[in-house]
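Worksheet: one structure, shown below.
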Amino acid sequence: MQAEVLSVGTELLLGQTVNTDTTIVAKALSALGIDLLYAAVVGDNVGRLEKAVYDALDRSDILITTGGLGPTGDDLTKETVAAAAGKKLVLHEQSYQHLLDYFANGGMTENQMKQAMLPEGCTALKNDNGTAPGCAFRTDKGKIVIMLPGPPSELTPMLHNYAVPYLEEFQSAVIASHSVHVYGRGEAPVAQMIEDLMEQSNPTVAPYAKEGEMFVRVTAKAATKEEADAMCVPVVEELKKRIGNFVYGVDVETLEELVVSELKKAGKKLATAESCTGGMLAKRITDIPGSSAVFETGCVTYANCVKERLLGVPHETLVTYGAVSEQTARAMAEGIVRESGADIGVGITGITGPDGGTEEKPVGLVYIALSDGKNTWVAKRQPMGRLKSREWHRHCAASKALDMVRRYLAGLPVDEA
């Protein structure tokens, strides 16, 4: 089946609100094995919205709209879509009772009742986090229409709890999808490694770029979830074999999630000493629930005097080699292990720009060191050939540090070219 997502709201066109709805819906459709052909944004204008709905119903099997279900005059989605599909709006008693309960302590205005008017014969989708219900129905031509509210806090639970089960009833096949996450190899070289696998039709294999890393998605369709999963297994194993140690996990969310999990398994604690990343590495680790069991401390040592005082970086090292150097990164990692008592210490120092670089030490040069108190490894990140943002350099430096910890825990080369 082929789908289209239509997000409604002039605020989206003006850039006042970021349209995250399409991303949320697209992920759910992908998990169902439904192909998303088009995604569009249209303002609160009846004529343009009506044309967009007609076009969508003409070329796609499924139309999913987000936004425009509220009580105000510019909430036009329900009326316009229903009219285009040849449906009348009628009072839905359960939705009306939900409104009465919601406003039991006051605040119910006359226009709120508009939200309980739904297309005749539709399946109402309960709004557990708000007032505007969604709805789903089939047109006379067999097209599926689903209308969802705009706020993500309302859309997400309604989509997963009610809309997805509704769509599952029309699926003749089940999809299974697995993501092989890679750090240290880009999308283009990995695509070359797996070119023959990408020519398959079931399972499909597709590489995707992420911020400073990439992943390969393997997707299979079959009669049951178990069959689809079984089809993916040999392909995932072949990807791991070809890409090697650069695969850091399958179906994991992030590097930091994996690192926290592996630290727990190893019974080890980590401490960080950061300069140019400004605490980003510590933040990413502590964003993971349960990280308190493995994260000892984090120091942001921007000034040289603080590097000396808190980490014991020798003054001579800073004078001779500079703050941005292999020697300083090494001393930072060794210092944070010594001062914190952690099992593993990471030191990061570099130039993330946009100013401050020199010919000898350009923007983007970062040194990342890892020490276990006995041995210390230092990796060097070079500028990428074109100007990158400060945020990008900081994020990638933190990712490199996480990958070094991951490799250390797995008994792999800590820094593999």
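Structure summary
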read-out	value
Prolate/oblate/rounded label for the stretch 1-59 (Cα gyration tensor, a/c 1.5)	oblate
Mean Cα-pair separation over length for the stretch 77-171, i.e. relative contact order, pairs under 8 Å, 6 or more apart, %	22
MRE, 222 nm, helices only [DSSP H, n ≥ 4, -39500 (n - 2.57), over the chain, to nearest 500]	-11000 deg cm²/dmol
Of all accessible heavy-atom area on the stretch 257-345, the percent that carbon and sulfur account for (1.4 Å)	50
Accessible surface, per residue, of the chain when the full set of protein chains is kept, probe 1.4 Å, Å²	47
Fraction of antiparallel bridges per DSSP, the chain only, in percent to nearest 5	60
Subset of K51/K87; K268/K307; K87/K141 violating a 21 Å alpha-carbon distance limit	K268/K307
Mean Kyte hydropathy of -0.5 or more with a Cα span along the axis of at least 15 Å, helices from DSSP in the chain	21-32, 46-59, 225-243, 255-266
Set of aspartates and glutamates with alpha-carbon distance to K269 below 15 Å, sequence-local pairs under 8 removed	E256, E257, E296, E334, E339, D343, D372
Surface share of carbon and sulfur [accessible, 1.4 angstrom probe, percent] for the stretch 1-130	50
No Cys partner within the rule (Cβ under 4.7 Å), the chain	C232, C276, C299, C305, C396
Cut-off under 5 Å, modelled amide H: who pairs with K210 long-range	F215
Members of K88/K221; K27/K221; K126/K283; K241/K388; K114/K143 lying beyond 27 Å, as alpha-carbon distances in this model show	K88/K221; K126/K283; K241/K388
Mean-position separation - Cα centroids, the stretch 344-396 and the stretch 70-84, in angstrom	52
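The values are calculated or read from the model by the stated rules, or taken from the named source; none is laboratory data. This one's a predicted model, so the numbers in the text were calculated from it and none came from an experiment. So basically every Cβ, Gly included, is an ideal-geometry build from the backbone, and we count neighbours across all protein chains shown. The accessibility values were calculated without ligands, DNA or RNA, using every heavy atom of the protein model including side chains. Shrake-Rupley method; radii C 1.70, N 1.55, O 1.52, S 1.80 Å.
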